[in-house]
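This report refers to the structure that appears directly beneath it.
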Amino acid sequence: MKLTATSLNPLAPLMNQPFFVGLLACSLCSLGIALLAKEPGNSCAWKGGNRSGLTHLTALTGKSRTLINCAMSSAAVTVVVMAWTNSLIISMPFSIFSFVITWVFMRNKGRRAAAAMLQIWPEVTDHLISAIHSGLSLSEALVGLSTRGPELIRPHIHAFHQELLVSGDFVGATERLKAKLDSQGSDQILEAILLAKSLGGSELLQIFRTLGDFLRQDLALRKEIEIKHGWIKNSAHLSSAAPWLLLLLLSSQPGTAQSFAQPGGIMILLIGLILTSVAYLWMGKLGQLPNPPRVFG
């Protein structure tokens, strides 16, 4: 059996295609830009005086990084599918799916951060109750969260402490802290502190205990709903992905790739792409739980 370059390297036929080489080069460039952007304080500048052209690389915004991650994901999936099927027509739907799914995943980071913020408020009430029991004032108990509170709110509480030291306006600093935290739980806790500060806090401990119990019950109910929604969403994800996984398995045969290269096959792929995208976005919209409304926002 005579060994050839093609038998040793299954990607050899693809390396002769300009599209594949350009796609691989773009993905490597995107990877380099993403790694450069993740370096803290990193900037690319010409050394040795002013020069024409690019002088420095400005910091990338969150949206730019999202687009870069989506492009990298799409390029990687396209390369893998083309290596498997050797068909550009079949690779395109998978490239689009990977771009959209990565975009949705990156855009949902804000929702995941908001969901994580909802989990900490019962713990915050416990810290405040413990601090008040130990004889600290309301301002001292609130400032103490910058060292003993949950990690998510420590920077906000530290900024509140610095502002309080400079201005001495407890009410104004608390209102600005409430706007920064932007959560139903923080609104209720800070409003209780403001009321106790202005009207007296003889019942403040009981208010915090009741509020902590209410927040825990609300979180437990929300978690139960999320679990049930998760079952439905996972089933829908599997139903959406199954036809395309079957296509990917069948497309390893040359006859399948040739069939979908015809106008009728392209139309079938296009219709399937549109229907799957609409169903996926609609499913995500229906399965999304609304954030609790802010009463004192």
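Remarks
- The residues MET117, MET82, when put in order of fewest to most other Cβ atoms within 10 Å, stand as MET117, MET82.
- Debye log10 I(q)/I(0) at q = 0.22 Å⁻¹ for segment 133-212, Cα point scatterers: -1.15
- Beyond 26 Å in Cα-Cα separation lie the following of the pairs LYS109/LYS178; LYS178/LYS228; LYS180/LYS233; LYS228/LYS285; LYS109/LYS228: LYS178/LYS228; LYS180/LYS233.
- 13 Å beta-carbon shell around LYS233, net charge (K/R +1, D/E -1): +1
- Segment 205-232 and segment 157-200: distance between their alpha carbon centers, rounded to Å: 24 Å
- Computed from backbone phi, the HN-Hα couplings of segment 256-264 come to 5, 4, 5, 5, 7, 7, 7, x, x Hz, rounded to whole numbers (Karplus: 6.51 cos²θ - 1.76 cosθ + 1.60, θ = phi - 60°; Gly and Pro given as x).
- Shape annotation for segment 127-174: C-alpha extents along the principal axes are 27, 23, 12 Å, from largest to smallest.
Values quoted throughout were computed directly from the atomic coordinates according to the rules given, and no laboratory measurement underlies them. Computed from a prediction, not measured in an experiment: that's the story for all the values here. We place every Cβ from the backbone using ideal geometry, glycine too, and count neighbours over all the protein chains shown.
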